[in-house]
Every structure is written in C-alpha cells, then in structure tokens.
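Only one structure is covered here, and it is reproduced in the block below.
The values are calculated or read from the model by the stated rules, or taken from the named source; none is laboratory data. Because the structure is a prediction, the values reported are computed rather than measured. A quick note on method: Cβ atoms are made from the backbone with ideal geometry, for glycine too, and the neighbour counts reach across all protein chains shown.
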Amino acid sequence: MDAVTIDDITSRLRCFAMAVKETRTHAAERSAFGKYRAGAPYFALYPLRSLLSSSETAARLSPEHHAEFGRVSRELAALEQVGSRAYREELFHDLSAYVEAYRTLLCYHELRLCPLDGIAHNPLREEIAVLVAELAGEFPLDDIRTLVASLDETFCILRELKGAITPQTDPAGGAAGTASRWIWECPCCSPRQRERTDPL
C-alpha cells in the first residue's frame with residue numbers, strides 16, 4: 001500500500017466537501033447514474049473515514065484537517081435532516097439500481113461485451129457496499145445482501161476460470177483526484193474477506 005500523504009488527505013477532504021455541496025445544490029438534478037447522485041457524499045465519506053481511522057494517517061492529521069472534516073460532516077448531517085425520509089428512500093432506490101447494474105455487468109461479460117477487469121475496476125461494487133452500510137437498520141436489506149453475495153461468487157468463479165485479473169485497493173486514489181483510483185477488491189477472493197462473515 002502506498003504511503004498516504006498530506007496532499008492525499010487534503011484532496012479527499014476537498015472531494016467530500018464538494019460532494020456534499022453538489023448533492024445539496026443540485027437536488028432536483030440527482031439521479032442514480034447521473035452527474036449528481038444522492039450517494040456521492042457517502043462514496044467520498046466512507047473511504048475517507050477509513051483512511052482517517054488508520055494510526056499512520058492519524059499521525060499526519062493537523063487540527064485544520066480535523067476541523068474541516070467536522071465542518072463537512074455537519075453539512076452532511078444538515079442535508080440529511082432537510083431531505084429527511086425522502087432522501088434516505090432515494091439512497092435505497094439508487095442502491096437497488098446499482099445492484100441491478102452489477103448483475104447486468106456480469107451478464108454483459110457472459111455475452112463478451114464487458115471484460116472482467118472492467119467490472120473489477122468499476123466503483124459500482126464498492127458503492128453498493130457503502131450504501132448497504134449506510135442504510136443498514138433503516139430498510140430491509142437481506143434480499144439485497146443475498147443477491148450481491150451470489151453475484152460476488154459468480155464474479156469470483158469467472159475470474160478463477162479466466163485467470164484474468166488481480167484487483168487491488170488503493171485508499172489514496174479515486175475520488176481524491178489523484179492519478180490512481182480506489183479499486184474494488186473482490187470480497188470473495190481477498191484475504192481480508194476470508195476472515196469476515198458478511199460479504200458486504
């Protein structure tokens with residue numbers, strides 16, 4: 001794993017702030033696969049929060065970083081309060097759409113229209129995991145969890161048969177605007193997943 005720099009942290013904080021601002025400002029233009037998406041703040045928040053929780057990163061944080069994270073988190077809380085139940089339902093609707101899109105990608109692969117490495121490098125699967133974590137306890141997610149676990153298993157089988165790719169996770173890339181991306185690591189095949197019971 002590459003070392004996390006101060007610029008990485010600053011860039012991710014900037015991305016988080018922009019996601020919250022755009023989600024609030026462009027509420028009428030939001031759609032599941034559009035330029036503005038209801039889940040955008042969470043897609044920026046979850047990897048950032050994971051990054052900030054590491055001991056290595058914590059040692060690099062300045063008071064300004066803590067203050068900015070707190071400020072943007074409060075803005076997100078205000079957005080949630082204003083949107084209330086309708087906003088959470090929008091997130092759930094988008095989650096359902098993303099799961100169906102994940103299924104479609106695997107079908108496209110079977111039709112030779114989508115390579116496996118394209119699926120692995122697509123942020124869609126990580127976004128599904130983020131929304132499942134965010135909406136847990138608010139909506140019935142058992143069927144979604146079961147379906148996604150089945151799709152993950154299918155992906156792993158296809159990858160083993162084709163010997164196609166070895167995805168990696170880059171916590172310093174992606175939405176931060178760096179050259180690399182935060183790449184999904186297959187939850188069935190990764191060493192970390194073998195120690196977990198929840199595929200999401």
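Look at region 15-30: where a residue is in contact (Cβ under 8 Å) with a residue 40 or more places away in the chain and a partner is basic (Lys, Arg) and in a helix (DSSP H, G or I), sitting 6+ places away or on another chain with Cβ atoms under 9 Å, you get Ala17/Arg71. Which count do you get for residues in region 126-143 that are part of a helix (DSSP H, G or I) and more than 22 Å from Ala44 (Cα to Cα)? Within region 126-143, residues that are part of a helix (DSSP H, G or I) and more than 22 Å from Ala44 (Cα to Cα) number 2.
Per-residue answers, yes or no, for (1) more than 17 Å from the chain's Cα centre (by Cα); (2) crowded, with 16+ Cβ neighbours inside 10 Å:
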site	(1), (2)
Val72	yes, yes
Glu80	yes, no
Glu90	no, yes
Val99	no, yes
Tyr108	yes, no
Pro115	yes, no
Val130	no, yes
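Evaluating Tyr108 against the criteria (1) part of a helix (DSSP H, G or I); (2) in contact (Cβ under 8 Å) with a residue 40 or more places away in the chain leaves one unmet condition, (2). Among residues of region 48-64 that are at pLDDT 85 or above, those with a Cβ under 6 angstrom from a residue that is part of a helix (DSSP H, G or I), sequence gap 6+ or separate chain, pair up as Leu48/Arg12; Leu48/Phe16; Leu51/Thr57.
Could you please find all residues in region 85-101 being in contact (Cβ under 8 Å) with a residue 12 or more places away in the chain and within 16 Å of Leu141 (Cα to Cα)? Break it down stepwise before answering.
Initial filter on region 85-101 (in contact (Cβ under 8 Å) with a residue 12 or more places away in the chain): 87-88, 90-99, 101.
The answer is Arg88, Glu90, Leu91, Phe92, His93, Asp94, Leu95, Ser96, Ala97, Tyr98, Val99.
Rundown of residues vs (1) of a type in the set (D, E, K, R); (2) within 18 Å of Ser11 (Cβ to Cβ), yes/no style:
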residue	(1), (2)
Arg30	yes, no
Arg49	yes, yes
Leu61	no, yes
His65	no, yes
Leu79	no, no
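I'd like the residue in region 1-23 that is surrounded by fewer than 17 Cβ atoms within 10 Å (Cβ to Cβ) and in contact with an Asp or Glu (Cβ under 9 Å, 6 or more places away or on another chain) and, out of all such residues, is farthest from Pro63 (Cα to Cα).
Pass one, region 1-23, residues surrounded by fewer than 17 Cβ atoms within 10 Å (Cβ to Cβ): 1-3, 5-7, 10, 14, 18, 21.
When the remaining residues are screened for being in contact with an Asp or Glu (Cβ under 9 Å, 6 or more places away or on another chain), the result is 1-3, 10, 14, 21.
Values: Met1: 25, Asp2: 24, Ala3: 20, Thr10: 12, Arg14: 16, Lys21: 22 Å.
Once the filter is applied, the top-ranked residue is Met1.
In the condition set (1) within 16 Å of the chain's Cα centre (by Cα); (2) over 26 Å from Arg30 (Cβ atoms); (3) at pLDDT 95 or above; (4) of a type outside the set (D, E, K, R), Thr146 is compliant with all but (1). Ala17 fulfils the conditions (1) closer than 24 Å to Val132 by Cβ; (2) part of a helix (DSSP H, G or I); (3) modelled with pLDDT of 95 or more; (4) not polar (S, T, N, Q) except for a single criterion, (1).
Here Lys35 passes the criteria (1) within 17 Å of the chain's Cα centre (by Cα); (2) assigned to a helix (DSSP H, G or I); (3) charged (D, E, K, R) except the one numbered (2).
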